[in-house]
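Engineer: First the structure, which I've put down as structure tokens, then a few questions once you've had a look.
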Amino acid sequence: MDEQEQGPLAGFTVGVTAARRADELGALLRRRGAAVTHGPALRIVPLADDTELLAATKELIDHAPDVVVATTAIGFRGWVEAADGWGHGEELLDCLRGVELLARGPKVKGAVRAAGLTESWSPSSESMAEVLDRLLAEGVVGRRIALQLHGEPLPGFVEALTAGGAEVVVVPVYRWMPPEDIGPLDRLLDGVLAGALDAVTFTSAPAAASLLSRAEHRGALPELVEALRHAALAVCVGPVTALPLQAHGIGTLQPERYRLGPLVQLLCQELPARARSLPVAGHRIEIRGHGVLVDGLLRPVPPAGMALLAALARRPGWVVSRPDLLRALPGAGRDEHAVETAMARLRTALGTPKLIQTVVKRGYRLAVDPVADTKYDG
């Protein structure tokens with residue numbers, strides 16, 4: 001099995017902060033070989049009576065948009081019911097009758113018709129990507145588009161419309177709150193701080209802000225910022241999503257098209273490009289987050305082994321002493337026997353013992369091929 005069969009993300013661990021669409025994003029990542037750590041940074045709470053929704057509703061009644069995108073049946077019904085409760089129900093329906101009304105799929109179409117309205121168009125796929133493609137194909141320059149959010153902001157949807165020249169008004173039928181069970185988010189945060197995650201994905205600005213807020217609550221914000229600057233890649237679906245991270249000086253990567261698929265493709269390019277590749281003992285090894293590709297075959301390696309290998313790879317071919325390797329081992333204490341134990345396990349995990357040479361009374365070295373020595377000696 002070669003790397004392509006295993007997937008370009010084999011050996012890497014990616015964090016997912018999304019609440020909605022986390023299953024979809026996780027499946028895309030796993031299909032390409034990644035290990036996935038899911039720590040939802042948000043939960044989505046419907047708004048029964050909220051000033052933001054009231055303000056957005058009044059604004060649309062007073063200044064009708066060109067297009068309204070209804071994204072969920074429950075959200076659309078909730079919006080109409082809330083407007084009724086405020087005494088603006090008929091005004092809202094009158095407003096919606098006069099605009100291009102797009103419904104994302106059959107369920108939303110049903111909710112639209114139950115309100116006595118008729119949609120202008122609806123995709124059979126229930127795909128917001130198809131809705132976006134239609135809008136962009138029609139042309140959005142100078143158009144005012146109202147978007148009924150379906151919880152977590154739609155990945156890249158607002159950015160793509162804004163980049164196309166539209167004015168976007170969001171209708172917040174839900175509010176984003178911290179998750180009720182904070183455990184998974186804390187585990188994701190711990191993974192970033194421990195260097196166990198190679199990348200963290202963000203599909204909404206509230207999720208990014210929530211992770212930063214949780215780190216601050218735990219007294220670990222400086223450490224998180226440092227980790228996202230120098231260790232784990234912060235990958236955002238679009239520029240709006242990236243703003244909370246950039247405010248802390250964290251560099252982010254974003255795909256050209258603000259969608260989940262291109263986000264995953266970006267990871268497939270960036271993470272392998274950052275992996276260390278070396279010719280060792282007649283083999284090609286590539287050091288990844290939680291494993292090593294040996295001649296294209298992934299060999300999972302435990303954390304202690306990865307720590308030793310990273311220390312050896314910093315100066316390929318040079319001897320690294322046992323005391324130096326002991327310092328590289330997480331939580332190893334002072335017993336150099338821990339180095340020998342971890343080294344034996346590392347060699348077993350790699351499946352090719354000759355990759356690492358024991359230099360008697362001195363330590364260990366990667367058996368870098370002689371023809372490559374000059375390339376890596378500097």
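The values are calculated or read from the model by the stated rules, or taken from the named source; none is laboratory data. Remember, predicted model here, so these are calculated numbers, not experimental data. FYI the Cβ positions are ideal-geometry reconstructions off the backbone, even for glycines, and counts take in every protein chain you see. Note: accessible area is taken over every heavy atom of the protein model, side chains too, but ligands, DNA and RNA are not part of it. Shrake-Rupley method; radii C 1.70, N 1.55, O 1.52, S 1.80 Å.
Engineer: Report the GluC sites (Glu not before Pro) located in the stretch 148-221 that are in a DSSP loop and have at most 12 other Cβ atoms inside 10 Å of their Cβ, or state none.
Structural biologist: The qualifying sites are Glu180.
Engineer: So how much slack lies between Arg315 and His217, counting 0.36 nm per residue of separation and subtracting their Cα-Cα distance, in nm?
Structural biologist: Values: separation 98, 0.36 × 98 = 35.28 nm, distance 3.87 nm.
The span from Arg315 to His217 would gain 31.4 nm if fully extended.
Engineer: Quick one: compute the contact order of the stretch 293-360, relative version, from alpha carbon pairs under 8 angstrom and 6+ residues apart, as a percent. Please report the intermediate quantities before stating the final value.
Structural biologist: Numbers: 50 pairs, mean separation 24.8, N = 68.
Relative contact order of the stretch 293-360: 36 percent.
Engineer: Another question about this same structure. To the nearest 20 Debye, how big is the dipole of the stretch 116-227 about its Cα centre, given +1 on the beta carbon of each Lys and Arg and -1 on that of each Asp and Glu?
Structural biologist: On the way: 7 positive and 16 negative charges, 66 e Å.
So the magnitude is around 320 debye.
Engineer: Related question: Send over a whole-number figure in Å² for the accessible area per residue of the stretch 1-100, probe 1.4 Å. Don't jump to the answer; show the numbers that get you there.
Structural biologist: Values: 4510 Å² over 100 residues.
Accessible area per residue: 45 Å².
Engineer: Determine, from the Cβ-Cβ distance of Arg134 and Asp50 and an R0 of 45 Å, the FRET efficiency 1/(1 + (r/R0)^6), rounded to the nearest 0.05.
Structural biologist: Using R0 = 45 Å, I get an efficiency of 0.90.
Engineer: With everything on Cα atoms, drop me the angle between helix 260-274 and the longest principal axis of the chain, reported from 0 to 90° to the nearest 10.
Structural biologist: Orientation of helix 260-274: about 20 degrees from the principal axis.
Engineer: Next up: Counting only heavy atoms of protein chains, what accessible area per residue, in Å², does the stretch 154-306 have with a probe of 1.4 Å?
Structural biologist: Result: 41 Å² per residue.
Engineer: Compute the length gained on full extension between His63 and Gln246: take 0.36 nm times their separation in residues and subtract their Cα-Cα distance, giving the result in nm to one decimal.
Structural biologist: On the way: separation 183, 0.36 × 183 = 65.88 nm, distance 3.33 nm.
Taking 0.36 nm per residue and subtracting the Cα distance, the gain is 62.5 nm.
Engineer: Could you order Ser213, Ser277 so the one with the most accessible surface comes first? Probe is 1.4 Å.
Structural biologist: In descending accessible area the options line up as Ser213, Ser277.
Engineer: Compute the accessible area per residue over the stretch 104-150, keeping the other protein chains in place, probe 1.4 Å, unit Å².
Structural biologist: I get 45 Å² per residue for this part.
Engineer: Report the one residue of Leu29, Gly98, Ala160 whose Cα lies farthest in the direction of the positive end of the charge dipole of the stretch 14-163 (charges on C-beta: Lys and Arg +1, Asp and Glu -1; origin at the Cα centre).
Structural biologist: Leu29
Engineer: Let me know the shape class of the stretch 1-102, please: from the alpha-carbon gyration tensor, a ≥ b ≥ c as square roots of the eigenvalues, rounded when a/c is under 1.5, otherwise prolate if a/b is greater than b/c, or oblate.
Structural biologist: The shape class here is prolate.
Engineer: For the chain, what is the convex hull (Cα atoms) projected area averaged across all directions, in square nanometres?
Structural biologist: Result: a mean projected hull area of 21.9 nm².
Engineer: So for Asp198, Asp181, Asp23, what's the accessible-area order with a 1.4 Å probe, most first?
Structural biologist: Asp23, Asp181, Asp198
Engineer: Let me ask another. With +1 on each Lys and Arg Cβ and -1 on each Asp and Glu Cβ, and nothing else charged, work out how big the dipole of the stretch 203-345 is about its Cα centre, in Debye to the nearest 20.
Structural biologist: The calculation lands at about 140 debye.
Engineer: In percent, how large is the relative contact order of the stretch 215-304, given Cα pairs closer than 8 Å and 6 or more residues apart?
Structural biologist: With pairs under 8 Å counted, the relative contact order is 15 percent.
Engineer: Roughly what % of DSSP beta bridges within the chain run antiparallel, to the nearest 5?
Structural biologist: Counting only bridges with both partners in the chain, antiparallel ones make up about 45 percent.
Engineer: Ordered by residue, what ³J(HN,Hα) values in Hz, to whole numbers, does the stretch 165-171 give under the Karplus form 6.51 cos²θ - 1.76 cosθ + 1.60, where θ = phi - 60° and Gly and Pro are x?
Structural biologist: x, 8, 9, 10, 10, 8, 10
Engineer: Let me ask something else about it. Around Val359, what is the net charge, scoring Lys/Arg as +1 and Asp/Glu as -1 over all other residues with Cβ under 11 Å from its Cβ?
Structural biologist: My count for the surroundings of Val359 gives +4.
Engineer: Given a Förster distance of 30 Å, report the FRET efficiency between Val169 and Glu256 from their Cβ-Cβ distance, rounded to the nearest 0.05.
Structural biologist: On the way: r = 25 Å, r/R0 = 0.84.
It comes to 0.75.
Engineer: Using only the alpha carbons of the stretch 261-378, determine the length spanned along each of the three principal axes and report them from longest to shortest in whole angstroms.
Structural biologist: Principal axes ranked by extent give 50, 35, 26 Å for the Cα atoms.
Engineer: Taking only C-alpha pairs under 8 Å that are 6+ residues apart, what is the relative contact order of the chain in percent?
Structural biologist: 16 percent
Engineer: Oh, and also: For Val16, list long-range residues whose amide hydrogen, built 1.01 Å from N in the peptide plane, is under 5 Å from its own amide hydrogen.
Structural biologist: Thr37, His38, Gly39, Thr201
Engineer: Sequence-distant or interchain residues sharing an amide H contact under 5 Å with Ala234, placed H: which?
Structural biologist: Under 5 Å from the amide H of Ala234 lie the amide H atoms of Val200, Leu253, each far enough along the sequence or on another chain.
Engineer: How large, in percent, is the carbon and sulfur part of the accessible surface of the chain at a probe radius of 1.4 Å?
Structural biologist: Within the chain, the accessible surface is 51 percent carbon and sulfur.
Engineer: Here is a follow-up. Could you let me know the centre-to-centre spacing of the stretch 287-334 and the stretch 48-105, using Cα atoms, in angstrom?
Structural biologist: Comparing the Cα centres of the stretch 287-334 and the stretch 48-105, I get a distance of 57 Å.
Engineer: Can you pull the accessible area of Val240 for me, 1.4 Å probe, Å² to the nearest 10?
Structural biologist: Surface open to solvent at Val240 totals about 70 Å².
Engineer: Also, I was wondering about something else. Could you point to the residue in Pro40, Leu189, His63 farthest towards the positive end of the chain's charge dipole, with +1 and -1 charges on the Cβ of Lys/Arg and Asp/Glu respectively?
Structural biologist: Leu189
Engineer: Which length gain, in nm to one decimal place, applies between His337 and Ser277 when the Cα-Cα distance is subtracted from 0.36 nm times their residue separation?
Structural biologist: Computed gain between His337 and Ser277 is 18.7 nm.
Engineer: Along the positive direction of the dipole of the stretch 269-330 (beta-carbon charges: Lys, Arg +1; Asp, Glu -1; about the Cα centre), which of Pro279, Ala304, Val294 reaches farthest?
Structural biologist: Ala304
Engineer: Under a Cβ-only charge scheme (Lys and Arg +1, Asp and Glu -1), can you give me the dipole magnitude of the stretch 11-98 about the Cα centre, in debye to the nearest 20?
Structural biologist: Computed charge dipole of the stretch 11-98: roughly 960 debye.
Engineer: Search the structure for amide H atoms under 5 Å from the amide H of Val280, placed 1.01 Å from N in the peptide plane, and list their residues when 5 or more places away or on another chain.
Structural biologist: Ile285, Asp369
Engineer: Sort the stretch 212-333 into rounded, prolate or oblate with this rule: let a ≥ b ≥ c be the square roots of the eigenvalues of the Cα gyration tensor; rounded if a/c is under 1.5, and if a/c is not under 1.5, prolate when a/b is larger than b/c, oblate otherwise.
Structural biologist: Oblate shape, in that a/c is at least 1.5 and b/c is the bigger or equal ratio.
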